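*Asks:* Questions regarding the structure given below will be posed in turn.
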Amino acid sequence: MGRMAAGLKPRAFKWVIADRLAVSDRVGGSGFQHRKVRREEEITWLVEEAGINTIVSMLPANQNLAAYRQAGIATYSCPVSSPVEPADVMRFVNTLSQAMSRSHGRVLVHRESIDDTVGGLLGSYLVTSGLVENPILALAVIQQILGRALGPEGRSLIPASSAS
């Protein structure tokens, strides 16, 4: 008999880069559905099942950061405004690069929900970091991972070429 899975998988959890970079909706649910018990269950799953040890939060203020730190997770706060400004894109890419450069880092990126902004910013990271040179391929990869097309707002965040 196998062991019981620990905790609760966060909504919309997906690996962007296998065992290195993941994305999900806000841990604990969003808005009125956010519950402390659910957040604790999801943090347990992130640590014990997915091995997440770093979180980049795009939520405003410092929502959930204390709970992550208490669980031993390194945190990076990178609030992103709507509409997204070019400075937000660079700040996100730099923050995610810093998080990904941690030794044995397994990073979760989240916002209230996985929207076009999150998809576009992840695509921007893939191109800017040189992981995917072709921006059209980066868009296709992100759309495949998220299971849906990105609209014009999300597409506009992916640079036309890598900065190499």
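*Asks:* Please report the relative contact order for the stretch 110-164, taking Cα pairs under 8 Å with a sequence separation of at least 6, and give it as a percent rounded to a whole number.
*Replies:* Computed value for the stretch 110-164: 48 percent relative contact order.
*Asks:* Antiparallel DSSP bridges in the chain: what percent, to the nearest 5?
*Replies:* Of those bridges, close to 20 percent are antiparallel.
*Asks:* GNM, the chain, Cα, under 10 Å: largest mean-square fluctuation among 103, 124, 57?
*Replies:* Sorting by GNM fluctuation, first place goes to 103.
*Asks:* While we're here: So how much slack lies between residue 97 and residue 75, counting 0.36 nm per residue of separation and subtracting their Cα-Cα distance, in nm?
*Replies:* Here the answer is 6.6 nm.
*Asks:* Between residue 44 and residue 153, what length comes free when the chain is fully extended (0.36 nm per residue of separation minus the Cα-Cα distance, one decimal in nm)?
*Replies:* Result for the pair: 35.9 nm of gain on full extension.
*Asks:* May I have the extent of the alpha carbons of the chain along their three principal axes, as whole Å values ordered from largest to smallest?
*Replies:* Principal extents (Cα only, largest first): 47, 35, 29 Å.
*Asks:* Moving to a separate point now. Once you keep just the Cα pairs under 8 angstrom separated by 6 or more residues, what percentage relative contact order results for the chain?
*Replies:* So the answer I get is 22 percent.
*Asks:* Using amide H atoms built in the peptide plane, which far-off residues or other-chain residues are under 5 Å from residue 59 H to H?
*Replies:* When sequence neighbours closer than 5 places are left aside, the close amide H contacts are 78.
The numbers here are math on the coordinates, done by the rules we state, and not lab data. Quick caveat: nothing in here was measured; it's all calculated off a predicted structure.
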